[in-house]
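The values are calculated or read from the model by the stated rules, or taken from the named source; none is laboratory data. Treat the numbers as computed from the prediction; the structure is a model and nothing was measured. When we count neighbours, we look across all protein chains shown, and the Cβ atoms used for this are built from the backbone with ideal geometry, even at glycine.
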Amino acid sequence: MKKILPLLLVILALAFVFLGRRIASSQSTPAKQDKYSLKVPGGLAFSDFKGYEDWQAVSPSLTDAQGVIRLILANPVMIDAYKQGAPGNGKPFPDGSKIAKIVWQQKKLTDAPFAASVPDTVPGDLNEVEFIEKDSKRFPDTHGWGYAVFDYDASSGFKPATLTSKSPQAQDAKCGAACHTLAASQDYIFTAYPKR
Amino acid sequence: MKRFLLLLVAIVALMLAVLGRKASSAQGTQDKYTLKIPGGIAFSDFRGYEDWQAVGPSETDAQHVIRLILANPVMIAAYRQGIPGNGKPFPDGSKIAKIEWRPKQITDPPFSTGTPDTVPGDLAQVEFIEKDNKRFPDSRGWGYGMFEYDVPSGTFKPATLSSHPPVGNDAKCGAACHELADSTDYIFTAYPKR
């Protein structure tokens with residue numbers, strides 16, 4: 001009996017440590033959140049874009065009036081198409097093309113060598129990521145493209161955008177379709193691949 | 001004889017077409033990777049930079065540039081390990097490329113003159129920085145180079161003392177300025193969350 005008691009204590013201690021760790025990690029959701037388990041109800045899954053952080057860059061952009069600065073990345077299929085001249089050559093992007101827009105709040109650097117009158121504008125807090133993918137069978141109503149937005153909040157992590165988000169998103173993959181009709185001459189994609 | 005003449009005309013026309021094509025494509029076919037800053041770094045040190053991963057975008061209105069900052073796999077891996085914020089320096093072999101364009105304002109819908117979208121316009125220059133403590137001992141291990149892009153000719157050329165920023169015949173052009181970033185291993189650009 002005396003032998004069992006220390007063993008029991010050790011087991012209990014181990015159990016507490018294990019439980020404590022689990023609780024701690026569930027509290028730090030932003031770092032530990034599995035963003036790839038998220039999905040827009042009736043729309044795109046975050047996991048369709050797994051690995052977007054490593055994709056090559058198409059271009060930067062910024063919209064001062066919205067206070068945002070963006071980095072636009074694309075998967076290898078779409079980068080290849082861009083390099084071959086799509087969509088400027090009149091050819092559409094192929095099925096399997098995926099593009100990701102990372103949208104940050106603008107941050108103004110005014111420390112030397114910059115200054116208040118000559119600030120450098122760089123990414124600040126992450127606002128949202130926007131995804132577009134082409135699958136002509138899956139998205140026949142929107143010229144083959146499916147759209148999604150995931151809002152980011154430093155305290156709670158990513159979540160699917162809704163109709164009340166800055167970029168309103170209904171429960172489908174069409175959120176960007178109406179707007180992107182304006183880019184019909186470039187296969188519904190606004191972003192060009194600039195010379196580098 | 002008539003046949004021969006026709007053949008001759010056809011051959012001459014073909015030759016002219018080929019020659020014309022070569023002349024017109026010369027603009028786009030400069031081998032930029034043969035360029036080198038006298039006494040400084042070579043364009044070829046950065047071969048393949050077009051395919052490197054992005055660190056981040058940036059823009060300086062007053063200098064009229066919008067940038068895309070790319071880094072090679074060694075440097076991207078270092079960034080992801082927390083360098084330079086964790087106090088550790090970037091390792092030798094780190095390379096970073098800044099592509100600078102003149103900003104272009106897009107005012108077509110969904111944008112407007114009041115809410116334009118700013119995107120890359122004409123390519124202005126590429127700036128390169130690489131770390132090699134043996135090669136660049138006098139500038140904290142970093143070597144700097146800049147190549148200007150000329151839109152009409154479609155060619156790059158090494159920047160000079162009359163460029164902005166001025167570049168001498170060495171690899172130190174950025175060193176004085178980058179002293180300001182000594183707490184981040186002399187690199188200004190941070191790797192933002194994505």
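Worth pointing out:
- Of everything listed in (1) at pLDDT 95 or above; (2) within 10 Å of chain B (Cβ to nearest Cβ); (3) farther than 21 Å from residue A:144 by Cα, the single unmet condition for residue A:51 is (2).
- Annotation: residue A:57 fulfils all but one of (1) more than 21 Å from residue B:187 (Cα to Cα); (2) out of contact with any helix residue (DSSP H, G or I) (no Cβ under 8 Å at 6 or more places or on another chain); (3) assigned to a strand (DSSP E or B); the unmet one is (1).
- Consider region B:52-75 and keep the residues that are touching a Phe, Trp or Tyr at 6+ places or on another chain (Cβ under 8 Å) and in contact (Cβ under 8 Å) with a residue 60 or more places away in the chain. The one that is farthest from the other protein chains (Cβ to nearest Cβ) is B:55.
- Residue within region A:115-130 that is within 16 Å of the chain's Cα centre (by Cα), farther than 29 Å from residue B:182 by Cβ, of a type in the set (Val, Ile, Thr) and within 11 Å of another protein chain (Cβ to nearest Cβ) present: yes
- When restricted to residues that are assigned to a strand (DSSP E or B) and either within 16 Å of residue B:156 (Cβ to Cβ) or more than 16 Å from the chain's Cα centre (by Cα) (or both), region B:94-112 contains 9.
- Qualifying residue in region B:113-132 (condition: more than 13 Å from chain A (Cβ to nearest Cβ) and part of a loop (DSSP other than H, G, I, E, B)): yes
- Residue count for region B:76-105 satisfying the condition of being within 14 Å of another protein chain (Cβ to nearest Cβ) and without any contact (Cβ under 8 Å) to a residue 12 or more places away in the chain: 2.
- Matching residues, region A:168-191, being within 14 Å of chain B (Cβ to nearest Cβ), assigned to a loop (DSSP other than H, G, I, E, B) and surrounded by 18 or more Cβ atoms within 10 Å (Cβ to Cβ): A:175, A:176, A:188, A:189, A:190, A:191
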